[in-house]
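The values are calculated or read from the model by the stated rules, or taken from the named source; none is laboratory data. What you see is a predicted model, and the numbers here were worked out from it, not measured in a lab. Because the Cβ atoms are built from the backbone with ideal geometry, glycine has one as well, and the counts that use them run over all protein chains shown. Heads up: the accessible areas ignore ligands, DNA and RNA and are worked out on the full protein's heavy atoms, side chains in. Shrake-Rupley method; radii C 1.70, N 1.55, O 1.52, S 1.80 Å.
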Amino acid sequence: MRETVLKWGSQSTTWLYLLLAYPVIDYVLRQKLSIPVISSLWDEGLLIVLMLFTLGSFFQSNRTMPEIKHWLGAFFILGIAIMVSDMANWEATVEGFRSVYQYVIAFFMGFYLLKSMDDLDKFMKGLALVGFVTALYGVYQVVVGVKTPESWVQEGEAVTTRAFSFVTSPNVLGSYMALVTPIAAGLFMTATTLKQKLIWAIVALTTVLALLLTGSRGAWFALAFAVFVCFYIWNKRVAGYLVIAGIIGIVALFFVPDSVPLVGKVKDRIFTLFTPEYFESSSEGGRIGRWGKAYDNMRIEPLFGVGLGHHGGAVAARHFGTIYSDSYFFKSLAEYGLIGIILLIGTVITMFKYGAGLIRNLQGSPHFFAILGLLGGLIAVATHNLVENIFEVPFMALYFWLFGGFLCALFVDQTQNKRW
């Protein structure tokens, strides 16, 4: 038994699987067991262990990081420079720095710890199964009528019950499901047996249902955009038909009675966006107003921003009493300025470019749809950050950067070593 435990503990994959189970473990430790110290610091300990494995792999690996290292390097240097230049608010700045870069390091974990395409396939299955459990709990909440906290229900809306599972909020669950659904769909397309196809079909349908039940419009639109991108990469003609079908679907949705189960709620959430009342409330104290405030703060220090942890996020709320920006990119615009937001967006786009290049080279490969689904999930999460602070949620930020590192690692292996 002792030898087995030591063997598992000496493998980086064991710790990566623990990271993939993050939302479940975190919920159990913080809400159910509440063990002093361990409950609050277990994730930092896990990241330290994985960083040690990453350092070991870095010195042993022949894998060379491509040009994204320049974007990442500049992004880290800028963060350090902003942090050390704001001594007057040192505590908030350091915490703001940690809240960003502690999770970006997961990219390096993904890049150096991934050993093969088969390992990535296993990690995607692990992520999808944990997402399935999370989705089931969210669906259960709606079925039994768990009341959604009033802060997540807009005044005047018919929706009073939104799935949020055990991951903080409906919007976070929506983003999580938007990540998992394309991956599950890709695994369904890749499956070779009827049993496997049935399993991944159930996972995909359950996560879609949970996504709808979150009532998260941002996650819905983000997934729709990601699905379009995936279809465009796969077959441009089909992508065009998909757009036409989407337009027809939106028009048809307008005529659906509000009393129709689920569909009526989806209609209410979507078309509420186009009411004068929504625009007025959003401009005064909602998203539009908050985005304007972030933009105004950027104008104070257009190049380098007002400082890390100073605006629009959890750290700023604790130290300065500011409200959330409801957009990670607007938050970053205010805190980093124009230079920082360019570096952040450039890093994300470069990562997606490698993912798209990998997929193009996998045309006809049995791994094609699985990797396409993974890229789609990551695009959905990045897009959702336009209207939510999703990267402020630890496990979502870790998943994004970790799997982005996986994609870049496979791209390098393919282009430099011609493995596939």
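Would you please give the FRET efficiency between S365 and S283, computed as 1/(1 + (r/R0)^6) with r the Cβ-Cβ distance and R0 = 56 Å, to the nearest 0.05? Between S365 and S283 the formula returns 0.70.
Residues in the range 64-191 average 40 Å² of solvent-accessible surface per residue, probe 1.4 Å, ligands and nucleic acids excluded.
For the chain, the Cα-based Rg and Dmax, in that order, read 21.4, 66 Å.
Distance between the 7 Å Cα→Cβ label points at L338 and I80: 2.6 nm. Backbone geometry of the range 58-70 corresponds, through the Karplus equation with coefficients 6.51, -1.76 and 1.60 at θ = phi - 60°, to 3J(HN,Hα) couplings of 4, 6, 9, 8, 9, 6, 9, 6, x, 5, 4, 4, 6 Hz, x marking Gly and Pro. Exposed loop sites, defined as GluC sites (Glu not before Pro) outside DSSP H, G, I, E and B with at most 11 other Cβ atoms within 10 Å, are absent from the longest region of the chain, namely 156-420. Over the range 271-379, one equal point on each Cα, no solvent: what is log10 I(q)/I(0) by the Debye formula at q = 0.11, 0.12, 0.14 Å⁻¹? Values, matching the q order: -0.52, -0.59, -0.72.
Electrostatic tally near L308: other residues with Cβ closer than 10 Å to its Cβ, Lys and Arg +1, Asp and Glu -1, net -2. Considering only trypsin sites (Lys or Arg not before Pro) in DSSP loops that have at most 15 other Cβ atoms within 10 Å, the longest stretch of the chain without any of them is 148-417. When Lys and Arg each count +1 and Asp and Glu each count -1, what net charge do the other residues less than 12 Å away from G174, Cβ to Cβ, add up to? Charge balance in the 12 Å sphere: +2. The eigenvalues of the Cα gyration tensor, multiplied by 5 and square-rooted, give the range 28-70 an equivalent ellipsoid with semi-axes of 34, 12, 7 Å from largest to smallest. If you run the Gaussian network model on the chain, springs between alpha carbon atoms under 10 Å, then out of L113, L29, L205 the most flexible one is L29. Taken one residue at a time, the phi angles of the range 216-225 give Karplus couplings (6.51, -1.76, 1.60, θ = phi - 60°) of 7, 4, x, 5, 4, 5, 5, 5, 4, 5 Hz. Gly and Pro are set to x. In whole angstrom, the range 320-420 maps to an equivalent ellipsoid with semi-axes of 30, 14, 10, each derived as √(5λ) from the alpha carbon gyration tensor and ordered largest first. Whole-percent P(r), the range 74-206, all Cα pairs, 5 Å bins from 0: 2, 9, 13, 13, 12, 13, 13, 11, 9, 4, 1, 0, 0. A Förster distance of 30 Å, applied to the separation of the beta-carbon atoms of M87 and V133, puts the FRET efficiency at 0.10. Taking the Cα atoms of the range 145-269, the ratio Rg/Rh between the radius of gyration and the Kirkwood radius comes to 1.00. Karplus-derived 3J(HN,Hα) values for the range 354-364, using 6.51 cos²θ - 1.76 cosθ + 1.60 with θ = phi - 60°, are 5, x, 5, x, 4, 5, 4, 6, 9, 3, x Hz; glycine and proline are entered as x.
When all alpha carbon pairs of the range 315-355 are counted in 10 Å bins from zero, the resulting P(r) reads 27, 41, 24, 7 %. Panel values: the range 217-267, Kirkwood radius from alpha carbon pairs, Stokes-Einstein at 4 °C and 1.567 mPa s, translational diffusion coefficient 108 µm²/s. The equivalent ellipsoid that matches the C-alpha gyration tensor of the range 77-150 spans semi-axes of 36, 26, 5 angstrom, in descending order.
How many percent of the alpha carbon pairs in the range 261-312 exceed a separation of 16 Å? The answer is 57 percent, as a whole percent. Within the accessible surface of the range 232-343, defined with a 1.4 Å probe on protein heavy atoms only, the carbon and sulfur portion equals 69 percent.
Go through K125/K197; K122/K197; K267/K331; K147/K265; K69/K353 and tell me which ones have a Cα-Cα distance over 18 Å in this structure. Table pairs above 18 Å Cα-Cα are K267/K331.
For the chain, the 222 nm mean residue ellipticity estimated from helices alone, with every DSSP H stretch of n ≥ 4 adding -39500 (n - 2.57) and the total spread over all residues, rounds to -24500 deg cm²/dmol.
Rounded to the nearest 20 debye, the dipole magnitude of the chain is 1340 debye, with +1 charges on Lys and Arg beta carbons, -1 on Asp and Glu beta carbons, and the Cα centre as origin. Among W90, L308, Q31, whose Cα projects farthest towards the positive end of the dipole of the chain, with charges put on the beta-carbon of Lys, Arg (+1) and Asp, Glu (-1)? Farthest towards the positive end: Q31.
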